[in-house]
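Notes follow the structure.
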Amino acid sequence: MRISVLVIIGLVLLADFSAVGQARKSSASATSKRTSATKIPVPPPAPVITVPAWLPPDAPYQPAAPQLTDLVDTKLDVRFDYAHQYLLGTATLTVHAHFYPQRALVLNAKGFDIKSVQLLGSASPKTLPYTYDGRQLTIALDRAYPRGQNYQVRIGYVAKPNELPAGGSAAITSDKGLYFINPLGKEPTKPRQIWTQGETQSNSCWFPTIDHPNQRMTQEIALTVEDKFKTLSNGLLVSSRKNADGTRTDTWRQGLSAAPYLTMLAVGDFAVVPDTWRGKAVDYYVEPRYAGTAKAIFGHTPEMMEFFSKKLGVDFPWEKYAQIAVRDYVSGAMENTTATVHGAAIQGTRRELLDMPYETSESVIAHELFHHWFGDLVTCEAWSNLPLNESFANYAQYLWAEHEYGPDQAALVQQQDLAHYLEEAEAKRVPLIRPHYENREDMFDRHSYEKGGRVLHMLRQQVGDDAFFASLNRYLTQNKFSAVDISRLRVAFEETTGEDLGWFFDQWFMQRGHPELKVTHTYANGQVLLRVQQVQDTLFQPVYRLPTTVTVWQKEKPLDHRILITKADQTFAFPAAETPPLVKFDSEGQLLAQLDEQRTQEELLFQFYHAKGYLQKYEVLDELQNKTTDFAVSGLMRNALQDKFFAIRRAALDHLRGYHGPTANTVRSEIQRLATTDPSSAVRAQALITLASFSNENFLTTYQAALRDSSYLVEAAAVEALAKMPTPATVRSQLAALETTPNTGLVVALASYYAQRGTIDQYTWYLRRLPDLTDNDLYAYLPAFGTFMVQMPVIERERGLQILEDMARRHPQYIVRLGAYRGLLNLMPSQPDLKSKLLDIKTKETDERLKAFYNLM
């Protein structure tokens, strides 16, 4: 909005200046015969406003949905038609008018066949007239119903999710709500499953509801399924009845109210591994072959429930907690109340779990669990306030890392969040709370997640730990089972602390961007002068108020100084008896900012050896990565290879790629040692990558040893390293022995190797492994396949070429279509006739994301 105002003001000023000039010109012409001495003042030209590339265009205002009718309770009785991928349902909705009397009930119901609509009451059901446009069902009631008076309608319907227009976003790749996986059992490597994904407003693709986050309801779902299948839904399983036709009806009841988008169901052949927390059921639904590792994957869940309950002072409020892993999931994970859905990638064998980093498994579990307070118990009233859900869940990843693994792991989470946000900020800067957007899915971005989490951490630093968690307790207890906007969070903090925090919420939640700081310091006359300049574009971003800590070292002693930055250019003075070996700005690493902090190499070396934690050490490695030929810097890198935290060892290895400094032989020997003995598989893999960067060096024995590593990640790194050198027959036989590996990451590495060093003998292997791969795997596998086929005779390519073309045109996941398109592109130099096919694929693509990618290729 502010940009529009600025532009309008500029245009008005230009118009005013033009009008004044024209008027004066006319006046001067009229009086020129009387006097030639009169000079007309010419106004200065209006300043030119340069709009930054990251400023999105104006978007429409998206208000919270009006509440004409309130949901109270939803009862569903459903069964499934696998052949047609339909849901056959009966929905009984209990509702009442929100405030004004209502003569009609308007429901979201997408792509249904409506069979009947009845009003239920003390007498027999009464058929009600309705209109239906394929998206909304408008039911004419028999009279006006005032607020406070519940009434019930029953709707018989058939949901046809596969017949809906395709939609989705980067965060949630499909929006049809209900998904049949391998419904007819024709894919031998894939289980038969049914599951749902309701966020943002997709549950109305399988049951009629008022599909907005400011609604709440209790619910009961009766699922009739084949007796061999397990079911899961929200709440507790209150009955399970076997039917005469060989089916079974499971009834799940949730007695606490939640938003409609949090309703879920799942059906399939799952192993259910039980756990408990304070007497409540905590269950893990996995594919049967992962039953033995389910607790290794999810086993921290009860401990997390205890930790978050105590930290917030609000016990986990729901009846039970279950987590389920499903195939072909369209998002990362989803916090459906009492029943979180994860993608299948969270599952793993004991060997695969060796390579699962915190951020791809345990942090996701913490994230979705924390939503059961922030998002489920207290829900954003509109998608414009999504950070009230997602920023808190993101911050839970930091909180759990801090509690369970210590400050270094927490700092790594913090660093990754900042990097992810800043990467997005190169092309997009918007407020966290933003009622102006084109599509509600636009809210699911690195602002709502990573930036929001970092903002919450700064709020914690601002008020202190006790006040932070006491404020969250107040927010949750005052607003439980309701929908809120950002003002409720601000009020909770202000009531708790007694402080006016409007400035914090305004600059961090309501305005776009982030500070870009240039920091310099000098020493003279017994004091350090620290200059902080805010160099961000303050026409479109604020001048920030930034409390932070500056640490001034005197010999081996640090002295912390708290400062408050409030101006675009500000200088602070600190007493110091002698030239400090280090002056460190934001020494706790808490600010969400781009920081250009000038320090000498000597200061950086001092910082590394006296660092408070991971962030300060990593910063030095990053700053000095191009100076590794310097003896002191190479010594620092070698020291970093011994660091107790794996991420420092990994970073040092990354910066030593191609190293030819003064201790090259010693460094390479140390890298070889890490490649085979480091306790972290991530470090071992990085060591192999670094060894492969040394040209004209032969580390074949190390690579061969890595092909027998306990870690798939390390094996894959070895395969990629071997692709860069001629490989003897003994190594090729080792690689051939890996071709049947169940690990898809290793399959992708082999595909990359064969694309460079394979023979036509691997053609059938490429085709055979295709069904085993996930969508993300296919994105990398298919371009390698295209490169490999260059060496095939044209007549032999036909099957592979047809597979790539079919996937590029018709695969339901856009990331797979993109991978297949890249595969065809890699093949095109040896088959020019593909150019017309690629153009046809590009022309017929309807996904805007893919069209943008294709235009760059």
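Go through (1) more than 28 Å from the chain's Cα centre (by Cα); (2) of a type in the set (D, E, K, R); (3) at pLDDT below 95 and name the single condition LYS190 misses.
So the condition that LYS190 fails would be (1).
Name the residue, out of ASP654, ASP622, ASP678, that is acidic (Asp, Glu), farther than 26 Å from LEU595 by Cβ and within 31 Å of the chain's Cα centre (by Cα).
ASP678
Write out, first by first residue and then by second, each pair whose Cβ atoms fall under 9 Å of each other, whose residues are 6+ apart or on separate chains, and whose first residue, in segment 834-846, is over 22 Å from MET789 (Cα atoms) while the second is among the aliphatic types (A, V, I, L, M) and surrounded by 12 or more Cβ atoms within 10 Å (Cβ to Cβ).
GLU845/ALA808; THR846/ALA166
Identify the single condition in (1) in contact with a Pro (Cβ under 7 Å, 6 or more places away or on another chain); (2) over 30 Å from TYR179 (Cα atoms) that ASP761 does not satisfy, given that it satisfies every other one.
(1)
Sort out for me the strands (runs of 3 or more DSSP E) sitting completely within segment 227-333 that have 2 or more residues that are under 24 Å from the mean Cα position of the chain (by Cα) and more than 30 Å from GLN478 (Cβ to Cβ). Step through it out loud before you land on a result.
Numbers: elements: 230-233, 236-242, 247-258, 265-268, 271-277, 280-286, 321-326.
Result: 265-268, 280-286, 321-326.
Taking segment 783-808 as the search range and keeping residues that are surrounded by fewer than 17 Cβ atoms within 10 Å (Cβ to Cβ) and among the β-branched types (Val, Ile, Thr), which one is farthest from LEU834 (Cα to Cα)?
ILE795
Among the residues of segment 757-776, count how many are part of a helix (DSSP H, G or I) and farther than 16 Å from ALA729 by Cα. Step through it out loud before you land on a result.
Residues of segment 757-776 part of a helix (DSSP H, G or I): 757, 760-772, 775-776.
In the following step, the residues that additionally are farther than 16 Å from ALA729 by Cα were identified as 760, 763-772, 775-776.
Total satisfying the criteria: 13.
Restricting attention to segment 482-518, report how many residues are over 25 Å from ALA425 (Cα atoms) and in contact with a strand residue (DSSP E or B) (Cβ under 7 Å, 6 or more places away or on another chain).
3
Any residue in segment 563-571 that is loosely packed, with under 15 Cβ neighbours inside 10 Å, out of contact with any helix residue (DSSP H, G or I) (no Cβ under 8 Å at 6 or more places or on another chain) and in contact (Cβ under 8 Å) with a residue 40 or more places away in the chain? Let's see the steps before the verdict.
Going through segment 563-571, the residues loosely packed, with under 15 Cβ neighbours inside 10 Å turn out to be 564, 566-569, 571.
This time we only want the ones that are out of contact with any helix residue (DSSP H, G or I) (no Cβ under 8 Å at 6 or more places or on another chain), so: 564, 566-569, 571.
Subset that is in contact (Cβ under 8 Å) with a residue 40 or more places away in the chain: 571.
Yes, segment 563-571 contains a residue that is loosely packed, with under 15 Cβ neighbours inside 10 Å, out of contact with any helix residue (DSSP H, G or I) (no Cβ under 8 Å at 6 or more places or on another chain) and in contact (Cβ under 8 Å) with a residue 40 or more places away in the chain.
Is at least one residue of segment 699-709 outside the structural domain of TYR781 (by TED's automatic domain parsing), under 15 Å from SER752 (Cα atoms), touching a residue at least 12 places away in the same chain (Cβ under 8 Å) and not in a loop (DSSP other than H, G, I, E, B)?
Here is the first cut: in segment 699-709, the ones outside the structural domain of TYR781 (by TED's automatic domain parsing) are 699-709.
Going one step further and asking which of them are under 15 Å from SER752 (Cα atoms), we end up with none.
Looking through segment 699-709, none of the residues is outside the structural domain of TYR781 (by TED's automatic domain parsing), under 15 Å from SER752 (Cα atoms), touching a residue at least 12 places away in the same chain (Cβ under 8 Å) and not in a loop (DSSP other than H, G, I, E, B).
When you go through (1) of a type outside the set (Lys, Arg); (2) surrounded by 15 or more Cβ atoms within 10 Å (Cβ to Cβ); (3) touching a Phe, Trp or Tyr at 6+ places or on another chain (Cβ under 9 Å); (4) in a helix (DSSP H, G or I) one by one for ASN639, which number turns out not to apply?
For ASN639, the failing item is (2).
Scan segment 525-551 and report the pairs whose first residue is over 12 Å from PHE574 (Cβ atoms) and in contact (Cβ under 8 Å) with a residue 24 or more places away in the chain and whose second residue is acidic (Asp, Glu) and in a loop (DSSP other than H, G, I, E, B), with Cβ atoms within less than 9 Å and a gap of 6+ or a chain change.
From segment 525-551, the pairs are LEU546/ASP586; THR548/ASP586; THR548/GLU588.
What number goes with the only condition from (1) under 25 Å from SER669 (Cα atoms); (2) part of a helix (DSSP H, G or I); (3) aliphatic (A, V, I, L, M) that ALA749 does not pass?
(1)
Within segment 599-614, which residues are under 19 Å from HIS521 (Cβ atoms) and touching a residue at least 24 places away in the same chain (Cβ under 8 Å)? It would help to see each step written out before you state the result.
First pass over segment 599-614, keeping only residues under 19 Å from HIS521 (Cβ atoms): 599-608, 610-612.
Matches in segment 599-614: ARG599, GLN601, LEU605, PHE606, GLN607, PHE608, HIS610, LYS612.
I want to confirm something. Restricting to segment 634-665 and keeping residues that are among the aromatic types (Phe, Trp, Tyr) and modelled with pLDDT of 95 or more, which single residue is nearest to ALA682 (Cα to Cα)? Give the steps one after another, and end with the answer.
Pass one, segment 634-665, residues among the aromatic types (Phe, Trp, Tyr): 645-646, 659.
After this cut, where a residue has to be modelled with pLDDT of 95 or more as well, the list is 645-646.
Values: PHE645: 12, PHE646: 8 Å.
Looking at the filtered set, the residue picked out is PHE646.
Can you report the number of residues in segment 522-557 which are within 39 Å of the chain's Cα centre (by Cα), surrounded by fewer than 15 Cβ atoms within 10 Å (Cβ to Cβ) and more than 22 Å from PRO431 (Cα to Cα)?
Residues flagged as within 39 Å of the chain's Cα centre (by Cα), surrounded by fewer than 15 Cβ atoms within 10 Å (Cβ to Cβ) and more than 22 Å from PRO431 (Cα to Cα) within segment 522-557 amount to 1.
Could you please find all residues in segment 579-590 being among the hydrophobic types (A, V, I, L, M, F, W, C) and touching a helix residue (DSSP H, G or I) at 6+ places or on another chain (Cβ under 7 Å)? Steps first, answer last, please.
Of all residues in segment 579-590, those among the hydrophobic types (A, V, I, L, M, F, W, C) come to 582-583, 585.
LEU582 - this is the single residue of segment 579-590 that is among the hydrophobic types (A, V, I, L, M, F, W, C) and touching a helix residue (DSSP H, G or I) at 6+ places or on another chain (Cβ under 7 Å).
Is there any pair linking a residue in segment 272-289 that is under 21 Å from ASP328 (Cα atoms) to one that is hydroxyl-bearing (Ser, Thr, Tyr), with Cβ under 7 Å and at least six apart or on different chains, and which?
Within 7 Å, the pairs are VAL272/TYR285.
When residues of segment 617-627 are filtered for being buried (at least 22 other Cβ atoms within 10 Å of the Cβ) and either touching a residue at least 40 places away in the same chain (Cβ under 8 Å) or not in a helix (DSSP H, G or I) (or both), how many remain?
1
Count, please, the residues in segment 42-84 that happen to be closer than 24 Å to THR231 by Cα and assigned to a loop (DSSP other than H, G, I, E, B). Before the answer, list the steps.
We begin by selecting, within segment 42-84, every residue closer than 24 Å to THR231 by Cα; these are 73-84.
Still in the running and assigned to a loop (DSSP other than H, G, I, E, B): 82-84.
Qualifying residue count for the region: 3.
Looking at TYR437, TYR475, TYR449 in this structure, which one is within 19 Å of the chain's Cα centre (by Cα), surrounded by 22 or more Cβ atoms within 10 Å (Cβ to Cβ) and hydroxyl-bearing (Ser, Thr, Tyr)? Quick ask: steps written out before the conclusion?
Working: TYR437 fails: surrounded by 22 or more Cβ atoms within 10 Å (Cβ to Cβ); TYR475 fails: within 19 Å of the chain's Cα centre (by Cα).
The conditions single out TYR449.
For segment 185-220, what are the residues that are more than 18 Å from GLU335 (Cα to Cα) and assigned to a loop (DSSP other than H, G, I, E, B)?
GLY185, LYS186, GLU187, PRO188, THR189, LYS190, PRO191, ARG192, TRP206, PHE207, PRO208, ILE210
I need the full set of residues from segment 812-857 which are assigned to a helix (DSSP H, G or I) and of a type in the set (S, T, N, Q), in order please.
So the first thing to find is which residues in segment 812-857 are assigned to a helix (DSSP H, G or I), and the list is 814-830, 834-844, 848-856.
The answer is ASN826, SER830, SER836, THR843, ASN855.
Spot the failing condition for GLN672; the list is (1) in a helix (DSSP H, G or I); (2) in contact (Cβ under 8 Å) with a residue 60 or more places away in the chain, and only one is missed.
Among (1) in a helix (DSSP H, G or I); (2) in contact (Cβ under 8 Å) with a residue 60 or more places away in the chain, the lone unmet condition for GLN672 is (2).
I need a count of the residues in segment 591-616 that are assigned to a loop (DSSP other than H, G, I, E, B), out of contact with any helix residue (DSSP H, G or I) (no Cβ under 8 Å at 6 or more places or on another chain) and modelled with pLDDT of 95 or more.
Going through segment 591-616, the residues assigned to a loop (DSSP other than H, G, I, E, B) turn out to be 591-593, 598-600, 610-613.
Now drop any that are not out of contact with any helix residue (DSSP H, G or I) (no Cβ under 8 Å at 6 or more places or on another chain), which leaves 593, 598, 600, 610, 612.
From what is left, the residues that are modelled with pLDDT of 95 or more are 593, 598, 600, 610.
Number of matching residues: 4.
The values are calculated or read from the model by the stated rules, or taken from the named source; none is laboratory data. Bear in mind that the values here come from a model prediction, so they are computed numbers and not experimental data. Quick reminder, even Gly has a Cβ in these numbers, built from the backbone with ideal geometry, and neighbours come from all protein chains shown.
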